[in-house]
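Here the structure comes first, spelled out in C-alpha cells, and everything after it is commentary.
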Amino acid sequence: MFNLDEEKMSAVVSGFQVPVKPEILSSIDKLMADKEPDIKAIASLISSDVGLSASILKIINSPLYGMNRRVSEIKQAVMMLGLKTINSLVTATLLKQSFSGKASISLERFWDDANDIANAMLFIGSKVKSKIPVEILYTIGLFHDCGIPLLALKYQNYKDVLIEANTSDESFIAVEEKHYHTNHAVLGYFISSSWHLPKEICQLILQHHDHRYLSSNVEDEYKIAFAVFKAAENMVEREKRFNYAAGWQESEKLILDILGISVIDYADIEEDFSECL
C-alpha cells in the first residue's frame, strides 16, 4: 500500500460521489496565500457562515481543547490559535457537512467516532514531549476514515461488510477489496488530495491501517503523528467499546517508544481522557 497507481485510482473513484471542496475553503486558501494574510478578512469570511462559525467555536471551547478562557468570536480564535489551526478546523468541519444522502450506516455515529479520535489526538498531542501542530493532528483524526461514508452511501450492504471486517481474520482493507475492488483508505486518500491537504497527510491517510508506516523512512513529524493517531484510536476503542484497536497489542511498544512515553504514562493519559470524554 505504499505506492498507488493514480490513474487506476481515479478510474475506481469515478463511480463515487466525491464531495467537492467547498468554495469558502478555496476563498480562505487564496487569502492565506498572501504574503501577509488579512486575519480580519479571513475571520469575517468564516463568521459569515453562522453554522460553520458556531461549530468551530464549539470545538475550540470543548474541555479537550484546553483553552484557558472561553472564546466567543472567530477573530479572537484566529488571534489565539493562528490561521493554520483555524483553517484546519474549518476544513474538518466542512468535510462532515459535505456528505449527504441515504447511507447504509449511521453517518452521525460515524462522525461522532471520528470527532472523538480527533479530540483524543489533540489530547495526546498536548501530553507528549514532541509537539506536533494541532492542525495536523485534528485533520488526520477527522479525515482518516472519510472514505467510509462514500462506501456507505454507494452500497446498501456496506453495514454487513463492516461487520464482516470487524470479525474476520482478514484485514479491514482486504475485506472491502474483496467486495468492492477498492477500500476506504484509497477513497480517503482521493478525498484528502482533492481537498488539497498536504501530501504527507494524504499518504498517512492512505496507510493508516498499515503499521509498517511506523518503521518506514517518513519524516519524524508524521511518524509521531501516526503514533498519536494509533494511540488515540485505541483510547477511543477502549473507552467506547471496551476493546483494543486492531493491531494495538502488537505495536504498542513501538508506538509508545515513538511518543516517548511509558505504559504507565499512557494509562494515565487514557484515564484523564476518559474523564474529559
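The values are calculated or read from the model by the stated rules, or taken from the named source; none is laboratory data. Computed from a prediction, not measured in an experiment: that's the story for all the values here. Because the Cβ atoms are built from the backbone with ideal geometry, glycine has one as well, and the counts that use them run over all protein chains shown.
Only one of Lys178, Lys223 is farther than 30 Å from Asp272 by Cα and assigned to a helix (DSSP H, G or I). Can you tell me which?
Step by step, each of Lys178, Lys223 is checked, and only Lys178 is farther than 30 Å from Asp272 by Cα and assigned to a helix (DSSP H, G or I).
Among the residues of segment 105-119, is any of a type in the set (S, T, N, Q), at pLDDT below 90 and surrounded by fewer than 21 Cβ atoms within 10 Å (Cβ to Cβ)?
Scanning segment 105-119, I find no residue that is of a type in the set (S, T, N, Q), at pLDDT below 90 and surrounded by fewer than 21 Cβ atoms within 10 Å (Cβ to Cβ), so the answer is no.
Which of the residues spanning segment 232-251 are of a type outside the set (Phe, Trp, Tyr) and surrounded by fewer than 16 Cβ atoms within 10 Å (Cβ to Cβ)?
Glu239, Lys240, Arg241, Asn243, Gln249, Glu250
When you look at Phe229, is it over 20 Å from Asp113 (Cβ atoms), touching a Gly at 6+ places or on another chain (Cβ under 9 Å) and buried (at least 22 other Cβ atoms within 10 Å of the Cβ), yes or no?
The answer is no for Phe229.
Quick one: which of Ile163, Ile255 is in a helix (DSSP H, G or I), surrounded by 14 or more Cβ atoms within 10 Å (Cβ to Cβ) and not charged (D, E, K, R)?
Ile255
Just for helices (runs of 4 or more DSSP H) wholly inside segment 33-145: which have at least 1 residues that are hydroxyl-bearing (Ser, Thr, Tyr)?
Hits in segment 33-145: 39-47, 50-60, 83-97, 134-143.
Within segment 240-252, how many residues turn out to be in a helix (DSSP H, G or I) and touching a residue at least 40 places away in the same chain (Cβ under 8 Å)?
2
Out of segment 189-204, which residues are crowded, with 23+ Cβ neighbours inside 10 Å, touching a helix residue (DSSP H, G or I) at 6+ places or on another chain (Cβ under 6 Å) and within 19 Å of Pro22 (Cβ to Cβ)?
Of everything in segment 189-204, those that are crowded, with 23+ Cβ neighbours inside 10 Å, touching a helix residue (DSSP H, G or I) at 6+ places or on another chain (Cβ under 6 Å) and within 19 Å of Pro22 (Cβ to Cβ) turn out to be Phe190, Ser192.
Could you tell me whether any residue of segment 84-94 is modelled with pLDDT of 90 or more, farther than 21 Å from Gln203 by Cα and in contact with a Lys or Arg (Cβ under 8 Å, 6 or more places away or on another chain)?
There is no residue in segment 84-94 that is modelled with pLDDT of 90 or more, farther than 21 Å from Gln203 by Cα and in contact with a Lys or Arg (Cβ under 8 Å, 6 or more places away or on another chain).
What number of residues within segment 11-32 are over 17 Å from Leu95 (Cα atoms) and at pLDDT 90 or above?
Here the count works out to 3.
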